[in-house]
Structures are given as C-alpha cells and as structure tokens.
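What follows is calculated from the coordinates using simple rules that are stated; it is not laboratory data. Bear in mind that the values here come from a model prediction, so they are computed numbers and not experimental data. Here Cβ is always computed from backbone atoms with ideal geometry, including for glycine, and neighbour counts include all displayed protein chains.
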Amino acid sequence: MAHPAPTARLRFREMTVADLDSMAMLLGDPEVMTYYDHPKSRAEALAWIEWNQRLYTERGFGLWTLELNDDGAFVGDCGLTPQEVEGTVEIEVGYHVRRALQGQGYGTEAAAACRDFARETLGLHRLIALIDPGNRASQRVAEKIGLTHERDTVRASGKLLRVYAAAL
Ligand SMILES: CC(C)(COP(=O)(O)OP(=O)(O)OC[C@H]1O[C@@H](n2cnc3c(N)ncnc32)[C@H](O)[C@@H]1OP(=O)(O)O)[C@@H](O)C(=O)NCCC(=O)NCCS
C-alpha cells in the first residue's frame, strides 16, 4: 500500500487497531479537538481508525499514522480524505499533531509530503483543506504548503468553514 515516503524527520504508515491507545489519546485531547464538536471517545477513535482502513482499501489513501524517524515515537496522523463540499467530492489534506510535539514544524512537514504524494503518486490536480475560521495553526499549515483561502462553505451541521485550496 502506497503512502508518502519518509521526510527528514517523519515517517508514514497505515493506521491499525494497534494504534488505538495513541489515537484515543490524540483525538481525546480537548486541546487538539478544539475545533471539532467534542473530543473523541475511545470508541470514536476506533471508528476513526476503521474509517481510514476502509479508505485505504476503497481509495488507496487516507490519514496515515505519523511517527518520528529517530525513535518511532507517535506524532499524530496526517493524510488525504475525500470530503463532499457543496455536492462535489474533493480531496482534503488533514493533520493532527499531539500536543507535546506541536510547534516544531511537524504539521507542515507532514502536510507538504501529503501534498507531494497527492500530486506525484495519485496524480491529483486539486487539494483542499476545510478549516474553522478560528484555527490559525491549521490555516498557517495550509498556507505554508501553498493553499489559499478560496471561499467559505456552510456544512450540513450549519457550521461555517473556510475552504483553503490549491491547484497541484
Ligand atoms: C494544526 C496542527 C496540526 C499544526 O501542527 P504543528 O506541528 O504544531 O505545526 P507547525 O509547527 O508546522 O506550525 C505551523 C504554523 O502554525 C503556527 N501555529 C502553531 N500553533 C499556533 C497557534 N496556536 N496559533 C497560531 N499559529 C500557530 C506556527 O507558528 C507555524 O506558523 P509560522 O511558521 O508562520 O510561525 C496542530 O496545531 C494540531 O494538531 N492542531 C489540532 C488539530 C487540528 O486542528 N487539525 C486541523 C484540522 S482542520
């Protein structure tokens, strides 16, 4: 199964149920989940892993587990997922870095590798990120990998999100 090649500091691999403790810690952290409806329970973290496993099979990509090259420490997840935006299925780059490792450039390094994988391996011509207007860290990651604020969209939940996008 293809995934982005290792970067200077990070490596990608498929998420498995063996990642449940790490993923439940990441997605259960209220700070990491500030811009989501609520922090995820352990059962919801398991559903997240299973969703990505379905994506690997059905689409050949998903969010991957992100680890440090040096010692294999869990960093978070990053990858590509299909998202419906106003009736069109778009491919989104997504990223979550555990709190202790934020602010060291890992989010940007991982997202850039996923952008390159989308272009070079998957042959995609467009990449988006759907971001809460208050989520500056995520907006900066998107901007630093070349996405710009294209428009806003209102989700089925009524929530307004910014559409960041780039032609690849
Ligand atoms: C978004 C996220 C993945 C960024 O990861 P990271 O490894 O800390 O990002 P980087 O270190 O590469 O920093 C990227 C930029 O964000 C900025 N940034 C980081 N935290 C910030 C904050 N709280 N407020 C404003 N800017 C912030 C950094 O300064 C940097 O910009 P700069 O180069 O202009 O200084 C991380 O904050 C995170 O996991 N957030 C919670 C999950 C989330 O919201 N995911 C995105 C959903 S759309």
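So here's what we get for this one:
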{"read-out": "Neighbourhood charge, 13 Å Cβ-Cβ cut-off, centred on L130 and excluding it, Lys, Arg +1 and Asp, Glu -1", "value": "-3"}
{"read-out": "Principal semi-axes in Å for the chain [√(5λ), Cα gyration tensor, largest first]", "value": "22, 19, 16"}
{"read-out": "Amide hydrogen neighbours beyond the local backbone of V75, cut-off 5 Å, H modeled", "value": "L66, E67, L68"}
{"read-out": "The range 58-106 - convex hull of the alpha-carbon atoms, volume per residue in Å³", "value": "93 Å³"}
{"read-out": "Ranked by how many other beta carbons lie within 10 Å on average, peptides 111-121, 143-153, 129-139 from highest", "value": "111-121, 129-139, 143-153"}
{"read-out": "Packing-based order for 22-29, 37-44, using average beta carbon neighbours within 10 Å, highest first", "value": "22-29, 37-44"}
{"read-out": "Relative contact order of the chain, defined on C-alpha pairs under 8 angstrom at six or more residues apart (%)", "value": "18 percent"}
{"read-out": "Formal net charge of residues neighbouring D116 (Cβ-Cβ distance under 14 Å; K, R +1; D, E -1)", "value": "+1"}
{"read-out": "Overall Cα dimensions of the range 25-86 - principal axes, largest extent first, Å", "value": "35, 30, 22"}
{"read-out": "Computed helical MRE - 222 nm, the chain, DSSP H runs ≥ 4 contributing -39500 (n - 2.57), nearest 500", "value": "-9500 deg cm²/dmol"}
{"read-out": "For I91, I49, order by how many other beta-carbon atoms lie within 10 Å, fewest first", "value": "I91, I49"}
